[in-house]
Each structure stands twice: as C-alpha cells, then as structure tokens.
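**Student:** First, the structure itself, so that you have it in front of you.
The values are calculated or read from the model by the stated rules, or taken from the named source; none is laboratory data. Keep in mind that this is a model prediction, so the values were computed, not measured. Cβ: placed from backbone, ideal geometry, glycine included. Neighbour counts: every protein chain shown.
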Amino acid sequence: MSAAPEEFVVRRERCDTCAFTPGTPANRRGLTVLKAKLCVLTSDPFYCHDNLMATGGSELEPAPGTPYMLCRGFVDAMEARLARDIREPDWKRRFYATLNDAIAEIEMNPLLNTQEKRMEFVNNAIAGYFAAEDAATPDARLNCGGV
C-alpha cells in the first residue's frame with residue numbers, strides 16, 4: 001500500500017455512496033467492498049470516494065491541495081474492531097496487505113485490462129507472498145513448497 005498522506009480529516013457522517021452502507025453502488029461493487037474490508041483488517045486508511053470526486057480529484061486521490069478524508073464507514077468499522085479487541089496475526093495482516101496492494105495495482109494499471117491479466121497478476125502476487133513467507137520460515141516442513 002502506498003504511504004499515507006500527511007494530512008487527512010475524518011468525515012463526520014457517512015456519505016450517500018459509502019462502501020460500508022448496504023445497497024449503495026459502491027457497496028455492490030465487489031472489488032470496492034473487498035478493498036474496504038481489507039483496509040479494516042490491515043488498519044490501512046480507506047478514504048471517502050465521494051469526497052475525492054467532489055473535490056475535483058479522481059476516485060483514488062483528491063485534487064491538489066485538498067486533504068484526504070477518511071471514510072466514515074471505515075472509521076465506524078475500525079472503532080467496532082477496537083471495541084471488541086479484534087487483532088489479526090502478523091502473517092494475516094501481511095497477506096491482506098498483499099491482496100490490497102494487488103487491488104490497487106489492478107485499479108491503476110491500464111495494462112491489466114482483461115480478467116485474465118488481472119487474475120494472473122493476483123495469482124502472481126499471492127505466489128510472491130507465499131514465497132517470501134517460505135523464505136522467512138526456517139522449518140521447511142512449514143513451507144508451502146512453491147504452491
């Protein structure tokens with residue numbers, strides 16, 4: 001995931017298009033919901049798409065000089081996880097971050113313009129994750145063996 005911006009604000013209430021609100025267009029877009037949930041699981045920021053677009057920016061970043069706005073639904077989900085003291089093991093957070101990075105690349109890379117190319121990219125990202133985990137595991141019996 002890319003570095004978080006130095007300046008951001010928290011949205012006071014959910015927008016009408018919030019990915020965390022059932023039934024909204026963003027909530028019906030599988031990739032957006034997956035990205036939103038992965039951000040919660042990894043504690044990576046998820047920004048309000050409505051605010052990004054309203055400022056004259058893109059779906060991925062605000063217009064120059066405009067601060068990022070954290071999605072209210074994301075903040076609500078993070079607060080609920082903290083209240084229940086839910087913590088993911090490090091390996092799981094690394095895996096989720098790998099998936100989130102792959103999604104971001106799919107969204108931004110115009111060369112990944114077919115389902116086949118996207119699936120190959122995700123498969124390679126996952127294989128790379130497991131290869132790195134295997135390399136870091138001293139006991140070969142715990143490794144995936146190139147799977």
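Table: residues versus (1) among the charged types (D, E, K, R); (2) not in a helix (DSSP H, G or I).
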residue: Leu82; (1), (2): no, no
residue: Asp85; (1), (2): yes, yes
residue: Thr98; (1), (2): no, no
residue: Leu112; (1), (2): no, yes
residue: Lys117; (1), (2): yes, no
residue: Glu120; (1), (2): yes, no
residue: Asn124; (1), (2): no, no
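**Student:** Tell me, please, whether a residue that is at pLDDT 90 or above and more than 16 Å from Thr32 (Cα to Cα) can be found in the range 99-110.
**Tutor:** no
**Student:** Among residues belonging to the range 43-74 that are aromatic (Phe, Trp, Tyr) and outside any loop (DSSP other than H, G, I, E, B), point out the one that is modelled with the lowest pLDDT.
**Tutor:** Going through the qualifying residues, I end up with Tyr68.
**Student:** When Asn124 is evaluated against the numbered criteria (1) modelled with pLDDT of 80 or more; (2) under 22 Å from Val33 (Cβ atoms); (3) not basic (Lys, Arg), which criterion, by number, is the only one it fails?
**Tutor:** Every condition holds for Asn124 apart from (2).
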